[in-house]
Amino acid sequence: YTSRTTGWKKNLRLTMPIRKSSLNDTKGQMVCKTVVLPVKTKIRGPAPSCPSETVDIVDEAIKYFRCNVLHKTFPQPGPADLTLCYLTIYIGEILRFLKSVQTKVEAKKKITQLSHETNFTIPGEDNFCLPGFFGAPAKRSDADIFRSYYRQLREELAERLLKELYTDKGDQNKWWFQFHKKSFMGIDKAT
């Protein structure tokens, strides 16, 4: 506890660490300053598969979202941290998109529609959510790989996140939806 004049909430914010990815040292294909990481998925795409017991970037994004979304900055991101930042913003977008959807069945339809969108912005395009973090694609093939990889991540994240956002009864999980007004680094949309 701190003195009553400084307040405990102010002091708590200063000491809460930002969660970074443990996958920053993972070797893989580099695209736009990030790396194509292995993912536990059955969705087709450029990401190599990894064993089901391994923690992947989608697991980290879901696990660290509620801590990281409270931060306004992200110091010195590594290659996997860039993907973590993007997925954190995307989770916030999903929460805002599904806020008015009360049932899990209806949410599955809506989230599938959002995650299967192929015309989302990538680095080097106007309105990309993290232009200072990612590099622009060096060639057309890099842009195609990036778009395909992030589409694969968006679909896998949507599928796994739905299990967290709604209870077994099919109702909204209030412990997740309370974050629908928060935006990571002040950014509301990943698309």
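When the expected Rg is taken as 2.2 N^0.38 Å, what fraction or multiple of it is the alpha-carbon Rg of the range 125-168?
So the Cα radius of gyration is 1.54 times the expected 2.2 N^0.38 Å.
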Fill in: Solvent-free Debye scattering, log10 I(q)/I(0), computed from the Cα coordinates of the range 19-96 at q = 0.23, 0.25 Å⁻¹
-1.16, -1.31
Item to complete: Note the full-extension length gain between Asp144 and Arg160 as 0.36 nm times their separation in residues minus their Cα-Cα distance, in nm to one decimal.
Response: 3.3 nm
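Skip the ligands, DNA and RNA, and give the accessible area per residue of the chain with a 1.4 Å probe, whole Å². Please list the in-between numbers first.
On the way: 10870 Å² over 191 residues.
Computed with neighbouring chains in place, this is 57 Å² per residue.
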Worksheet item: Taking H as built 1.01 Å from N, whose amide H comes closer than 5 Å to the amide H of Val31, not counting residues under 5 places away?
Response: Val36
Worksheet item: Working out 0.36 nm times the residue gap between Asn119 and Thr73, then minus their Cα-Cα distance, what length gain in nm do you get to one decimal?
Response: 13.8 nm
Discussion item. Under 17 Å between alpha carbons, and skipping anything fewer than 8 positions from Lys104 in its own chain: which lysines qualify?
Written reply: Lys163, Lys169, Lys174
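Extension gain Met30-Thr112, at 0.36 nm per residue separation less the Cα-Cα distance, in nm?
Details: separation 82, 0.36 × 82 = 29.52 nm, distance 2.79 nm.
Here the answer is 26.7 nm.
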Practice prompt. With runs of 4+ DSSP H residues as the only contributors, calculate the mean residue ellipticity of the chain at 222 nm using -39,500 (n - 2.57) per run, divided by the residue total and rounded to the nearest 500.
Written response: -14000 deg cm²/dmol
Worksheet, complete the sentence: Hydrophobic long helices for the chain, i.e. whole DSSP H runs reaching 20 angstrom or more by Cα along the axis with Kyte-Doolittle mean at least -0.5, come out as 79-98
Practice prompt. Please list the non-local residues whose amide H lies under 5 Å from the amide H of Tyr166, H modeled 1.01 Å from N, same-chain partners needing a gap of 5 or more.
Written response: Asn173
Fill in: Taking all pairs of distinct alpha-carbon atoms in the chain, Kirkwood radius in angstrom
17.5 Å
Worksheet item: Going 7 Å from the Cα of Phe97 toward and past its Cβ, which residues in the range 107-142 have a backbone nitrogen under 16 Å from where you end up?
Response: 107-122, 129
Worksheet entry | Percent RCO, i.e. relative contact order, over the range 39-95, from Cα pairs under 8 Å lying at least 6 residues apart | 33 percent
Worksheet item: When the accessible area of the chain is computed with all protein chains present and a 1.4 Å probe, what percentage of it is carbon and sulfur?
Response: 51 percent
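The values are calculated or read from the model by the stated rules, or taken from the named source; none is laboratory data. Please read all numbers here as calculations on a predicted model, not as lab measurements. For neighbour counting, all protein chains shown are included, and Cβ atoms are generated from backbone atoms with ideal geometry for every residue, glycine included. We work out accessible area using only protein heavy atoms, side chains counted, and drop any ligands, DNA or RNA first. Shrake-Rupley method; radii C 1.70, N 1.55, O 1.52, S 1.80 Å.
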